[in-house]
Amino acid sequence: MPSPMRPGGGMRRGINSATILLTLLAAAFGYLFASRLGAFLAGRSGVTRHITVMNTSATIIIPADSGSSLAPARLAELAEQAMREIDALMSPVGETSDVKRLNSAQAETWVQVSPPTWTVVMEALRWHRLTGGAFDPTIGPMKSLFRFDQSETDDWPSASALASARDRVGADKLLFEREGMRLSFAKDGMKLDLGAIAKGYGVDRAVETLQANGVRNALVEIGGEVRSIGVNTNAKPPASWAGGIENPRGAGHLALPDIGDKALATSGDANQYFIHGGKRFKHIIDPRAGLPLGEGVASVTAIHPTSCMAADALATAMTVLGRDEGRVFLADQALGLFKDGIRVVMLLSGADGGLRRVDFALDNQGVMIETESEPAFVVPKAAEEAPQEEVRQGAD
Ligand code: ADP
Ligand code: MG
């Protein structure tokens with residue numbers, strides 16, 4: 001039962017379930033209570049643009065005081081264009097897609113790809129090496145055996161189908177030739193799947209486009225992978241961008257009050273999963289076991305100081321590694337890869353169905369601190385949800 005694979009995963013994620021809830025609220029409050037009149041009088045206002053790209057929802061927030069001489073609406077267009085370019089190159093479908101061309105080619109046929117696709121594939125291979133294979137951009141054939149549509153099902157692929165998929169998964173069988181930026185598969189039936197990393201890259205490209213046009217304050221999000229720069233000048237006084245982690249098992253979110261000038265990505269099973277034998281299986285696959293991950297890690301949020309692509313890959317990798325292997329991985333990388341400091345928030349689901357929160361924080365000395373706590377989800381009152389709609393209508 002194949003399901004379509006897209007950089008955004010197989011299904012649209014609802015906008016209000018993304019990790020930017022608080023950010024939207026903050027933007028909305030600023031917009032509603034302070035900026036509207038002032039911005040109107042000044043002849044310009046901020047823009048919040050909601051679009052569908054990479055098979056998921058995306059948001060671009062350009063506050064009135066973005067720092068650029070271009071109008072916020074024009075800047076939002078440019079950021080959107082940057083995202084659409086990445087989508088067109090890395091989607092599993094479409095005439096212009098490098099991924100589609102590679103996936104349709106026979107084994108041992110070289111396929112030249114564009115520089116952005118090359119960059120993302122090289123980064124994905126780097127994460128594959130770093131994580132000992134837990135992160136694998138050739139996971140496609142295993143993912144295609146399942147349908148992550150939130151249904152309850154008795155179906156399970158046959159042993160031979162599982163074995164055949166295993167045979168066609170493995171980043172060591174993705175061959176590359178640096179000169180000419182060419183890729184090929186060592187085996188027929190392999191599939192490149194950039195779903196765990198392309199959204200983060202799309203966010204980075206959109207932010208870089210904005211920065212190249214003089215923007216100092218903005219927030220960009222694709223399917224819950226977020227990067228913000230500067231401050232939210234729609235809030236009066238201007239406030240640091242805030243975010244949140246969705247409760248993967250119920251209402252509310254965990255507040256992350258300060259994600260300003262950082263990238264944040266969440267991998268989880270809130271939206272893409274199926275139930276089999278009373279157990280929940282998510283769309284993240286353990287390539288070593290050759291099976292989708294079950295309960296255990298309900299969600300992982302990674303916060304990286306500069307790169308949403310790295311945050312995206314790290315969130316997926318930590319989901320596969322889990323708490324114990326994940327701790328070792330983070331500690332091993334502490335002085336190299338993560339020397340600028342990163343944070344990981346893991347929500348673990350216990351046998352009783354309850355959630356525990358584990359925070360890993362690496363300071364810039366490379367010291368890792370692990371803390372465990374009860375997650376304290378904030379459930380906004382209905383009245384506080386209303387401004388979210390307002391910001392959409394008012395600024396789209
Ligand atoms: P989301 O799309 O919800 O943000 P992720 O960033 O973790 O979540 O991406 C999950 C997607 O990545 C899956 O739908 C699949 O396409 C792909 N994927 C699944 N397992 C792996 C893995 N072990 N390594 C790399 N990519 C994976
Ligand atoms: Mg990811």
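The values are calculated or read from the model by the stated rules, or taken from the named source; none is laboratory data. This structure is a prediction, so every number in the text was calculated from the model and none was measured. Note: ideal-geometry Cβ built from the backbone for every residue, glycine included; neighbour counts use all protein chains shown.
Taking the stretch 170-211 only, how many residues are assigned to a loop (DSSP other than H, G, I, E, B) and of a type in the set (A, V, I, L, M, F, W, C)? Looking only at that region, the number is 7. For the stretch 286-303, the set of residues classified as aliphatic (A, V, I, L, M) and over 18 Å from the mean Cα position of the chain (by Cα) consists of A289, L291, listed by residue number. Taking the criterion of being small (G, A, S), within 30 Å of A76 (Cβ to Cβ) and out of contact with any His (no Cβ under 7 Å at 6 or more places or on another chain), would at least one residue in the stretch 167-181 satisfy it? The answer is no, given that none of the residues of the stretch 167-181 is small (G, A, S), within 30 Å of A76 (Cβ to Cβ) and out of contact with any His (no Cβ under 7 Å at 6 or more places or on another chain). Determine if the stretch 19-32 includes at least one residue that is at pLDDT below 95, in a loop (DSSP other than H, G, I, E, B) and of a type outside the set (A, V, I, L, M). Within the stretch 19-32, one or more residues are at pLDDT below 95, in a loop (DSSP other than H, G, I, E, B) and of a type outside the set (A, V, I, L, M).
Restricting V226, V207 to residues that are more than 14 Å from ligand 1 (Cβ to nearest atom), in contact (Cβ under 8 Å) with a residue 12 or more places away in the chain and crowded, with 19+ Cβ neighbours inside 10 Å narrows the list to V207. Looking across the stretch 281-306, the residues that are more than 10 Å from ligand 2 (Cβ to nearest atom) and either hydrophobic (A, V, I, L, M, F, W, C) or in contact with an Asp or Glu (Cβ under 6 Å, 6 or more places away or on another chain) (or both) come down to F281, K282, I285, P287, A289, L291, L293, V297, A298, I303, P305.
Just to be sure, is A334 away from ligand 1 (no atom under 14 Å from the Cβ) and in contact (Cβ under 8 Å) with a residue 12 or more places away in the chain? Walk me through it before giving the result.
Details: away from ligand 1 (no atom under 14 Å from the Cβ): yes; in contact (Cβ under 8 Å) with a residue 12 or more places away in the chain: yes.
Answer is yes for this residue.
If you go through the stretch 264-305 and keep only what is among the polar types (S, T, N, Q) and within 8 Å of ligand 1 (Cβ to nearest atom), you end up with T266, S267, N271, Q272.
The condition (being among the β-branched types (V, I, T) and within 13 Å of ligand 2 (Cβ to nearest atom)) is satisfied by just one residue among I229, I222: I222. I'd like to know if the stretch 61-79 contains one or more residues that are in a helix (DSSP H, G or I) and closer than 30 Å to L330 by Cβ. The answer is no, given that none of the residues of the stretch 61-79 is in a helix (DSSP H, G or I) and closer than 30 Å to L330 by Cβ.
One line per residue, one yes/no per condition, for (1) at pLDDT below 95; (2) assigned to a loop (DSSP other than H, G, I, E, B); (3) surrounded by fewer than 22 Cβ atoms within 10 Å (Cβ to Cβ):
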{"site": "A298", "(1), (2), (3)": "no, no, no"}
{"site": "A302", "(1), (2), (3)": "no, no, no"}
{"site": "D324", "(1), (2), (3)": "no, no, yes"}
{"site": "F338", "(1), (2), (3)": "yes, yes, no"}
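Within the stretch 104-154, how many residues turn out to be part of a helix (DSSP H, G or I), surrounded by 15 or more Cβ atoms within 10 Å (Cβ to Cβ) and within 13 Å of ligand 1 (Cβ to nearest atom)? Qualifying residue count, the stretch 104-154: 12. Taking the stretch 183-200 as the range and being within 16 Å of ligand 2 (Cβ to nearest atom) and closer than 16 Å to S97 by Cβ as the test, the residues that pass are L192, D193, L194, G195, I197, A198, K199. Against the test of being touching a helix residue (DSSP H, G or I) at 6+ places or on another chain (Cβ under 8 Å) and surrounded by fewer than 20 Cβ atoms within 10 Å (Cβ to Cβ), the options A242, A255 yield a single qualifying residue, A255. Within the stretch 300-315, residues that are free of Cβ contacts under 8 Å to residues at least 60 places away in the same chain sit with their Cβ atoms under 8 Å from residues that are within 11 Å of ligand 1 (Cβ to nearest atom) and of a type in the set (D, E, K, R), at 6+ positions apart or across chains, in these pairs: A302/D312.
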